[in-house]
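The values are calculated or read from the model by the stated rules, or taken from the named source; none is laboratory data. Here the structure is a predicted model, which is why all the values come from computation and not from measurement. Here Cβ is always computed from backbone atoms with ideal geometry, including for glycine, and neighbour counts include all displayed protein chains.
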Ligand SMILES: Cc1ncc(COP(=O)(O)O)c(C=O)c1O
């Protein structure tokens with residue numbers, strides 16, 4: 001089988017062919033190897049495998065599903081190629097990826113810093129679960145690099161951030177973030193789920209590990225959960241053993257679905273960037289909208305950074321309506337194309353009022369203290385026609 005030239009670096013091509021490897025059937029579509037375990041012919045065959053494995057020469061041969069699967073390996077090769085990484089590991093979900101990496105890299109007495117708004121469950125894991133295991137965690141505002149410098153301690157092992165953040169789509173100055181980490185010899189982990197490898201390649205800016213919830217743009221069809229971590233070969237190798245212990249491995253069927261989704265990633269993200277910008281511009285001048293957050297708008301606090309680092313601004317737009325909890329719900333209920341559901345990055349446009357989704361159990365004042373007003377809306381644009389989406393938003397706003 002012909003291998004892809006190393007000089008091929010265009011995302012549209014890498015999404016279809018990156019990491020391409022032969023299979024025994026010469027099948028164009030990656031075979032789904034749906035097995036939990038692997039056979040040995042006899043004890044001598046098993047011992048040969050064990051000896052080869054110990055020398056790192058098992059050559060793709062496998063022992064048990066928790067330690068590896070060929071379909072999963074094919075997805076890992078594709079995602080590594082897309083990120084410009086040596087290697088990648090696929091996990092059962094984005095949270096399985098994040099928690100496995102943190103548990104693998106940190107030990108009692110170490111310290112980590114979260115920069116900016118982080119996905120709520122990531123923050124919960126760091127502030128509560130890791131704390132119970134003796135790992136201290138501090139938080140610093142996005143792009144406050146003086147505060148970051150002052151918060152770094154001798155025992156700081158990891159800096160963790162997201163790009164763009166949820167829900168205000170703040171864009172980290174990845175270059176400065178990575179430079180400070182290197183100066184202090186601290187590893188960096190960047191959750192680039194909202195950015196996608198099409199709009200940003202964090203490893204090229206000096207980040208050590210990039211993580212994605214592949215349940216979002218990479219899968220892209222709202223039909224699977226998965227997570228991925230990509231980076232330099234040695235670092236990724238150090239995470240494989242712990243995954244076999246922690247067990248958050250993906251299912252081969254899911255891996256195949258993900259591989260199919262990834263083939264159209266560049267096309268989908270291109271359309272989602274287009275839809276994001278058009279919808280943000282429409283909302284930005286609408287009299288019933290109070291404020292819009294989208295990195296592609298000049299009014300966004302990180303517009304300059306986003307323009308410098310990213311090749312597209314993404315498909316998520318956040319905004320506040322002129323009104324309260326009820327008016328905002330009435331707007332969402334009046335939408336006909338855009339559906340009320342959490343998550344993002346899929347072909348279908350989805351919308352949420354965070355006050356009634358992720359923060360439902362809190363009262364209005366508690367939510368406000370966390371920066372979540374009742375009239376805040378997060379809209380994830382799908383790949384529908386932008387005029388139809390704008391039409392849907394316009395008709396729903398007349399109901400407010
Ligand atoms: C930025 C970000 N990271 C991680 C996750 C967790 O991913 P998963 O739902 O695949 O576990 C999410 C989920 O919403 C997310 O938005």
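Miscellaneous remarks
- Residue within the stretch 145-161 that is more than 16 Å from the ligand (Cβ to nearest atom), surrounded by fewer than 18 Cβ atoms within 10 Å (Cβ to Cβ) and on the phi > 0 side of the Ramachandran plot present: no
- Single unsatisfied condition, residue 287 versus (1) within 26 Å of residue 219 (Cα to Cα); (2) away from the ligand (no atom under 16 Å from the Cβ); (3) in a loop (DSSP other than H, G, I, E, B): (1)
- Residues that are in a helix (DSSP H, G or I) and within 22 Å of the chain's Cα centre (by Cα), drawn from the stretch 353-379: 354
- Residue match in the stretch 184-195 (condition: surrounded by fewer than 21 Cβ atoms within 10 Å (Cβ to Cβ) and in contact with a strand residue (DSSP E or B) (Cβ under 6 Å, 6 or more places away or on another chain)): yes
- Considering the stretch 1-100, the qualifying helices (runs of 4 or more DSSP H), each wholly inside and each with 1 or more residues that are in contact with a helix residue (DSSP H, G or I) (Cβ under 9 Å, 6 or more places away or on another chain) and surrounded by fewer than 16 Cβ atoms within 10 Å (Cβ to Cβ), run over 11-17.
- If you go through the stretch 204-235 and keep only what is more than 16 Å from the ligand (Cβ to nearest atom) and either without any contact (Cβ under 8 Å) to a residue 40 or more places away in the chain or surrounded by fewer than 24 Cβ atoms within 10 Å (Cβ to Cβ) (or both), you end up with 204, 205, 206, 208, 232, 233, 234, 235.
- When residues in the stretch 290-333 are screened for being touching a strand residue (DSSP E or B) at 6+ places or on another chain (Cβ under 8 Å) and under 14 Å from residue 378 (Cβ atoms), 14 of them pass.
Conditions (1) buried (at least 22 other Cβ atoms within 10 Å of the Cβ); (2) farther than 25 Å from residue 192 by Cβ; (3) outside the structural domain of residue 269 (by TED's automatic domain parsing), marked per residue:
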{"position": "347", "(1), (2), (3)": "no, no, no"}
{"position": "355", "(1), (2), (3)": "yes, yes, no"}
{"position": "361", "(1), (2), (3)": "no, yes, no"}
{"position": "366", "(1), (2), (3)": "no, yes, no"}
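- Any chance residue 113 is more than 30 Å from residue 47 (Cβ to Cβ), buried (at least 18 other Cβ atoms within 10 Å of the Cβ) and either outside the structural domain of residue 229 (by TED's automatic domain parsing) or at pLDDT 95 or above (or both): yes
- So residue 242, is it surrounded by fewer than 24 Cβ atoms within 10 Å (Cβ to Cβ) and in a helix (DSSP H, G or I): yes
- Selection of the stretch 315-344 for residues being within 16 Å of the ligand (Cβ to nearest atom) and not in a strand (DSSP E or B) yields 315, 341, 342, 343, 344.
- Any hit, the stretch 164-178, residues being under 21 Å from residue 93 (Cα atoms), assigned to a strand (DSSP E or B) and under 14 Å from the mean Cα position of the chain (by Cα): no
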